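Quick notes on the structure that follows.
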Amino acid sequence: MGAETPEAAPFAPVPAAQVVEADLLFLRRPVAVFADSPNDPNFTRQMELLARYYDDLAARDVILIIDTDPAAMSDLRRKLRPRGFSLVLMDKDWKPSIRKPLPWDGREIINSIDKMPIARSEALEKNPAGR
């Protein structure tokens, strides 16, 4: 029998403690969701709003990073310094582009990603006729 191709892991949130920025720089586009507790109503609502758009986020090379433990002080939390609930969108260069203090609809997040400079140049590479 031939070698089987490993299936890609399903899109899912990744805890901030498992993320190494250097391994993902210019490969993945971070969307980080911070809260002081996994029971924060804003965090719960944000995760519900994003769940419907997992396929769209995966198509845009997004890595959904969650951090609900301020005491652990992950590298990302140290870098971005969120206070309470915070949603941070970054481009593939891992520089923060947009910060939101309240949950944001998945469609708005995707529209914002599509307007980012690196995402726009990627879209033009995939579809040169769109110039």
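The values are calculated or read from the model by the stated rules, or taken from the named source; none is laboratory data. The model shown is predicted, which means the values in this text are computed figures rather than measured ones. In this analysis, Cβ positions are derived from the backbone assuming ideal geometry, glycine residues included, and neighbour counts consider all displayed protein chains.
Tabulated data for the structure shown
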read-out	value
Residue that is modelled with the lowest pLDDT, among those in region 31-61 that are outside any loop (DSSP other than H, G, I, E, B) and aromatic (Phe, Trp, Tyr)	Tyr54
Residue tally, condition outside any loop (DSSP other than H, G, I, E, B), crowded, with 19+ Cβ neighbours inside 10 Å and among the charged types (D, E, K, R), over region 10-30	1
Flag for Trp94 being among the hydrophobic types (A, V, I, L, M, F, W, C), in a loop (DSSP other than H, G, I, E, B) and over 12 Å from the mean Cα position of the chain (by Cα)	no
Filter pass, Gly84 being surrounded by 12 or more Cβ atoms within 10 Å (Cβ to Cβ), small (Gly, Ala, Ser) and at positive phi	yes
Pair list, Cβ < 7 Å and 6+ apart or interchain, from region 83-97 residues that are free of Cβ contacts under 8 Å to residues at least 40 places away in the same chain and under 19 Å from Phe43 (Cα atoms) to residues that are of a type in the set (Phe, Trp, Tyr) and assigned to a strand (DSSP E or B)	none
Residue in region 62-73 that is in a loop (DSSP other than H, G, I, E, B), at pLDDT 95 or above, touching a helix residue (DSSP H, G or I) at 6+ places or on another chain (Cβ under 6 Å) and of a type in the set (A, V, I, L, M) present	no
Given (1) closer than 17 Å to Ala17 by Cα; (2) surrounded by fewer than 17 Cβ atoms within 10 Å (Cβ to Cβ); (3) in contact (Cβ under 8 Å) with a residue 12 or more places away in the chain, number of the condition Ser74 does not satisfy	(2)
